[in-house]
Amino acid sequence: MMPPEKIIDRISGRSTPTSAGRIALGRLMSVPDAEHALNGTAPGHFHDAEPGREDAAPVDAVTMQAVITIGERVAALRHKNAAHAALSDVSPLLDGAAARLALDRHPFEFVIAEHRRFLLAVCFRPAGRVRRVDRLLPVSRARLVTPRSLAYLAAHSEDWSTLRPDGVRPERVLSPEREGDLDLYENRVAAHLGDQSRRFLTMRIGQIRGISEMLSDIQQYVDDLSTRPWRKGGERLWELVADLIDQNGWREEATRRIAELDDLRTRVSAVRSSPVWRGVDRRASLGATLRTTNLLTNDERYRGVAELWHRWTATRTNAGSADERRRQFQRWCQGFAAYVEVLVVRALDEIGAAESASTTVSRPATYLYGTTKVTLVHDEGNVLCLCIDDKPLVRVVALPDSLTASPAGASAELEAISHAQPSVPTLVLYPGTREQRAALATHTRLRAFESPGAPAPEHRPENVWAIPVSPLEIDSVVRLARALRWFLEHHRLSAYPQQVPCEPALARSIATVADWLSATPTGFVVHRIPAEHELAAARTRSSTAWTEVMRGNRRDSAQELLRSAWEDIQAGVERTKELTTCPQCGATSPQPERTFQFREDGTYHCHCPVCKAEWEIRLCRSCERAYPLIGIPAGSGLDVLDGDQIDRKFSVDLLAAPCVVRDRIFICPWCAKCGNAQGSRNCARCTLPTG
């Protein structure tokens, strides 16, 4: 588990190459310096990992191989200086080769199946030895009295029954007995092998179950596609779904393999109820090399156990030396950064952002999200940044450490992330699976998977969010797309009301003839979208009013000032009309003046005549800050504000998340509280215990 202080350094960029000397992420992994994880001010290079962690792995073998494969494909594109659009063709999911490798039988599975009978025979009919044990027994049960018994009796008067003139009458005496002892070295080996075999089979079941769950997610996306015919973006994601549908053999094979492994694990788990399991010291160190003993050499059952040990150690040795594992983890770190880049490109495609100019993989890419120009910049230290007008909008940090791999340590690592304070809103993408999150306590699970629109209770600060991703979960693209959409839509929908600079006298004159404008000390404020006839009438009346005001001055300069003001007003109206573009289907309203409804508190509400979606700006009742949201159908709320449930119910069509009590009340992205926090109805999410 990664030390919490190093997670803070990784996100905040406060460490230097000489501060702690090393940044250990992903157990033995070598990773870039932490200081450019956020601000990207130093060149990315790799350090050695912490010593003494050679046997730990950041993720399971299937996930690691899938990510490394994605990294190799991206590296090949960079080597060929390919077009940036080629990243869209790289699949962010487990490919057929890696899936087939995971589904095939592992050689050690055959070994366990073959030698299981020897292991069970030893554990249930073990060899033992007889040892002498002195026990304090009542006199009636004692069969032998030894000099040690007399010495003990002389020193313990509490065991005397009666004191006599010629001695004592004992009540209890120390009597030697013989008992069997199973705590032999050979039996310890058998118990250890039973435990390791069970762990190996559990790991294999988890790997294959991950593939099976990925395939089970297909129907969700098929249903989503069939119920949303208006969707414009995300064609490549649907191509991924189509490819998975073609892999019917995977699902059948995965189901069969899980049944086989579960049956074998059940048989091996019988060791836990054996006399050996209860009779040996399972914490004793056995070393890496099996000692040669008479039992392991001459007894057939123990020879089978010795063979199982040798095959098990050979399986571990095949993983490579420490240097090879270090290089493997370096490839994992590089591959995870490339995998995150592929996810970002896929996520932009999913929300309808189109690449506007051709560029190479190694150069910044420009996208158009509606009328907004967005630049994807590759910062130093494997950090991606979305910029608008050369200003950072959000950064995406690839953290190749599984924060939720250990339920006991997840809370500490997530707490460390919550204390990071980057200067730019940051999405922290780390490897994590749905199975790992399900094992966490509710409060920890909400913190392990949050997004800008669905922050965890008591979220702090407001610009760091942890998002798990995995090549075994197609939802990884969706959840990242939803987070990026929040930033892009917040930038667009929060541009209200439009401020139009103008001379104060002219502003006051025009505001008297246009009720959809109001004068300010520096110009105008556009409150609503006027109809074409309102715009024309206001322009005509303002010309007459302005002529009266400017009587005695130069007519040509006054008219030029008026013309310039109306050009700015027209531009402000057009920018206000952009707010009526549907964030779901991208449709523009033919009558924006009817689609847009402004409120007196400075907020507004819109609806789409095509897909019937609704969106608005709402004020939080707790912190009084404004935030955008997309309305949801009545009765489609959540039981708990869980990221996985949001993936399944709303996909990318959500900005602020609904409250778990009332689906018409939403969670404030800034203070992480819902409207019910100020009302009489208690919100179960907001009142969760924080321990």
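How large, in percent, is the carbon and sulfur part of the accessible surface of region 335-442 at a probe radius of 1.4 Å?
Of all accessible area on region 335-442, carbon and sulfur atoms account for 50 percent.
Where in region 400-428 is the amide nitrogen less than 15 Å from a point lying 7 Å along the Cα-to-Cβ axis of Arg460?
Only 415-422 fall inside the zone, counting backbone N under 15 Å.
What number comes out for accessible area per residue over region 68-196 if the probe is 1.4 Å? Units Å², please.
Ligands and nucleic acids excluded, the figure is 56 Å² per residue.
How much accessible surface does Trp160 have with a 1.4 Å probe, in Å² rounded to 10?
80
Among Lys373/Lys673; Lys391/Lys612; Lys577/Lys673; Lys577/Lys612, which pairs are too far apart, with a Cα-Cα distance over 24 Å?
Lys373/Lys673; Lys391/Lys612; Lys577/Lys673
Starting at the first residue of region 621-637, write each ³J(HN,Hα) from the Karplus equation 6.51 cos²θ - 1.76 cosθ + 1.60 with θ = phi - 60°, in whole Hz, x for Gly and Pro.
Coupling constants for region 621-637: 6, 8, 9, 6, 9, 8, 8, x, 8, 10, x, 10, x, 4, x, 9, x Hz.
May I ask for the distance between the Cα centers of region 342-417 and region 551-628, given as a whole number of Å?
30
How high is the FRET efficiency from Asp134 to Asp389, r the C-beta distance, R0 60 Å, rounded to 0.05?
For Asp134 and Asp389, the calculated efficiency is 0.10.
Which three extents, in whole angstrom, do the alpha-carbon atoms of region 341-401 cover along their principal axes, largest first?
Principal axes ranked by extent give 36, 23, 22 Å for the Cα atoms.
Any chance you could look up the accessible area of Asp263 with a 1.4 Å probe, heavy atoms only, rounded to 10 Å²?
80
Need one value: the accessible area of Ser589 in square angstrom, 1.4 angstrom probe, rounded to the nearest 10.
20
The values are calculated or read from the model by the stated rules, or taken from the named source; none is laboratory data. Predicted model only: the values in this text are computed from it and were never measured. Backbone-built Cβ (ideal geometry, glycine too); neighbour counts: all protein chains shown. Remember, those area values only see protein heavy atoms, side chains included, never the ligands or the DNA or RNA. Shrake-Rupley method; radii C 1.70, N 1.55, O 1.52, S 1.80 Å.
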